[in-house]
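Chemist: Attaching a single structure in structure tokens format; questions to follow.
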Amino acid sequence: MYQCELLSIRKSKADAAQLDSGFDLISTILRENDIDVRFKTEVSADAAKLADAVFKAEEDEATNLFVFANALNTSDSSSFKRLFYEYITRTEAKLEPDGEHKGCTPRIKIYSLGDLGMGYKGYCFKLNHKLYVVLPYASLTQTDIAQLIVEGVKKAKEIVGRAYNQYPAGIYYPDAPAPKEPSADSAEDKSAKKQKKPKGQKKKEGFFRSFIPHKGETRGTKARKIIVLVAIAVFIGALIYVINYFVIEPAVNNAINDEIREVAYNKESTSPTTPDGKPTKEQDWDALKDINDEIVGWIRLDDSRIDYPVMFHEGDDQYSQYYLNHTYKHEWSAYGTVFIDYRSKQSTDSKNVITHGHNMIDGSMYHTLMNYSDRFEGDLDYYRDHSVLTFNTPDEDAQWKVISVFKTSTLYAHGEFFNYMQGEFTSDAEFMNFVYNVRIRSMFNVPVTVNENDQLLTLSTCSYEYSDFRTVLVARKVRPGEDPSVDVDLASVNDDPFLPEVCYNGERPDPLTFKKAYQKGWINWYDGKYDGKNDNTLKGSEVLTATVAANPTEPPTEKLKPGETRAPAERRVFTVTYTNLDGSQFASYSVFEGDPVPVPEDHPTYDDENFTYTFVGWDTDIEGVDFEHLNTSLSIAPKFDYTPK
């Protein structure tokens, strides 16, 4: 009779609960089939924790059968590999080859149990006279859990028994040499074939010795060998880097994101459901929040690799954005995680939810955004197939219609900087002017309306048309009761998008504002309250936050009486920041309201591989700012002339 430890995987809550509630009956049925369940242990679905639990269970020498119930949830071997790779890797590292296979690598022989119901397979292996049986979710196989265990153990016993003669210890050696054919030569023939070396002939130097400097060699020979050794070391180092960059890091990133997707789309979730049993939310937010409370959203673009959690870190600022190089597990990674920009101060409730993701060479993260265009020319077919994306939050599931895909620069050296990273707005007029600027830059004309009541979602990633360029996608949220589909047949390529100044050979035209363009009849996508005549129907300034840190405040409207002065306590202090080309701080001043703006004695410099830059002054052409009598906080950028190298 098998002495069994039953390990229940805490992955499917429903299946685990069924196993717990019926354990006494299940134990009785198993005992009738020569399986004595000595222990039942609940185990995490985390690969490392599972491995630790199995190692601890193996300490009991009397146990000779380990059954892993409700462990697998895929019809292929992917969930087995994901769950058991840690245990198998650590176990194989401790194996020693037997006497016949010295110098070879021992590996555990894994067997498939075949179809255990509805196309779902199980797996088994034998090690140190103990049998290990790994089974799928009972609910997926539509088989009673006790019957599934009996059937799985029976198949495992038969399979391992048939393979006993070839693999008695459950171990095989993939790198073992094939058996040598017996030589037809007799011992006499072999000795007859031996030839004596001619007298005075030098002994042939071994392959490895030919690369190692040793005593008695000339300086030239030693120098040659040292150079070869250095070249070999450099080659090996470069090879390791390439393998790590192109193979290992992408594989690790994919595994991490596959793991969180499995949690997010857990169909066995106990989250709230509708009366017909369907989940009210597409993602299992309770499970996601248990992993990391800073997961605030989930973004997906169908038929692409964009399918990721979205993070929001409260401590971010312009100098540090945590998830730029950290996973949701708080582990450092060059891939980072998709995250919301700190300028979207209200996180997912911001008027413009700005998200960032890396443009990775393996096609992951936000690399998909590059498929919308070939440099500055939009790919209309790709837009038509990807005109709507999903961005869900714990509060609601929502779809978003793409309104713009554009290229922009983040360097003032490339001309006037359009600040698309504006998360909040002070007025409806400012918001609509922002939308207008987004749409005139788009590589597509799309049949999607926008008004001042809408919310935006921005996806931004690095692109390399010029230094520090970005590819940006902007979408607006589908309104309540609105058809989420887009009539993409009405979409067209924008033959004349408004591009950064660096893209023009001559002078770039200045854009109008939203109100002026609407009054001229140039806008057909607006469906809000502005009538084009009365400014009161769309109140507020249209000035965007570009080089100004906050929208300029109007000077005091209250008139002072003759001889009256403003009390000192009412005099505000503003911050004036001068920036480098990349937007980082060059100099900063605290200035009283009404005082003149100071100017730094020095200026920044800049250089890159494409252009030579010459500083020509500071950009003080800021609407609504009085530089002799300061009335707002400022961020002032340098101006450069640039010529191609």
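Chemist: Tell me which residues, restricted to region 418-439, are more than 18 Å from K401 (Cα to Cα) and assigned to a helix (DSSP H, G or I).
Modeler: D428, A429, E430, N433
Chemist: So which residues in region 78-119 are in contact with a helix residue (DSSP H, G or I) (Cβ under 8 Å, 6 or more places away or on another chain), more than 25 Å from A251 (Cβ to Cβ) and open to solvent by 50 Å² or more (accessible area, probe 1.4 Å), if there are any at all?
Modeler: Within region 78-119, M118 is the sole residue that qualifies.
Chemist: Next question. For the structure I just gave you, tell me whether S442 is open to solvent by less than 40 Å² (accessible area, probe 1.4 Å), at pLDDT below 95 and part of a loop (DSSP other than H, G, I, E, B).
Modeler: no
Chemist: Now, a different point. Of the numbered conditions (1) among the hydrophobic types (A, V, I, L, M, F, W, C); (2) closer than 26 Å to K516 by Cβ; (3) touching a strand residue (DSSP E or B) at 6+ places or on another chain (Cβ under 7 Å), L459 satisfies every one except a single condition; which is it?
Modeler: (2)
Chemist: Collect the residues in region 57-75 that are in contact (Cβ under 8 Å) with a residue 24 or more places away in the chain and either open to solvent by 40 Å² or more (accessible area, probe 1.4 Å) or basic (K, R) (or both), keeping them in residue-number order.
Modeler: Passing the criteria: E58, D60, A62, N64, N73, S75.
Okay, residues lined up against (1) at positive phi; (2) polar (S, T, N, Q); (3) in contact with a helix residue (DSSP H, G or I) (Cβ under 8 Å, 6 or more places away or on another chain); (4) not in a helix (DSSP H, G or I):
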position: Y328; (1), (2), (3), (4): no, no, yes, yes
position: Y335; (1), (2), (3), (4): no, no, yes, yes
position: I354; (1), (2), (3), (4): no, no, no, yes
position: M370; (1), (2), (3), (4): no, no, no, no
position: Y383; (1), (2), (3), (4): no, no, yes, no
position: L389; (1), (2), (3), (4): no, no, no, yes
position: T408; (1), (2), (3), (4): no, yes, no, yes
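Chemist: Take S44 and decide whether it is open to solvent by less than 60 Å² (accessible area, probe 1.4 Å), at pLDDT below 90 and in contact with a strand residue (DSSP E or B) (Cβ under 6 Å, 6 or more places away or on another chain).
Modeler: It is false that S44 is open to solvent by less than 60 Å² (accessible area, probe 1.4 Å), at pLDDT below 90 and in contact with a strand residue (DSSP E or B) (Cβ under 6 Å, 6 or more places away or on another chain).
Chemist: Now a separate question. Every residue in region 584-610 that is over 20 Å from L411 (Cβ atoms) and touching a His at 6+ places or on another chain (Cβ under 9 Å), please.
Modeler: E593, G594, D595, P596
Chemist: I've got another one for you. Any idea how many residues of region 445-468 are surrounded by fewer than 21 Cβ atoms within 10 Å (Cβ to Cβ), within 27 Å of the chain's Cα centre (by Cα) and not hydroxyl-bearing (S, T, Y)?
Modeler: 4
Chemist: Say we look at region 485-511 and pick out the residues that are of a type in the set (G, A, S), part of a loop (DSSP other than H, G, I, E, B) and touching a residue at least 40 places away in the same chain (Cβ under 8 Å); which of these is nearest to E465 (Cα to Cα)?
Modeler: Among residues in region 485-511 that are of a type in the set (G, A, S), part of a loop (DSSP other than H, G, I, E, B) and touching a residue at least 40 places away in the same chain (Cβ under 8 Å), the one nearest to E465 (Cα to Cα) is A491.
The values are calculated or read from the model by the stated rules, or taken from the named source; none is laboratory data. Since we're looking at a predicted model, the values are computed, not measured. In this analysis, Cβ positions are derived from the backbone assuming ideal geometry, glycine residues included, and neighbour counts consider all displayed protein chains. Calculation scope for accessible area: heavy atoms of the full protein, side chains included, ligands and nucleic acids excluded. Shrake-Rupley method; radii C 1.70, N 1.55, O 1.52, S 1.80 Å.
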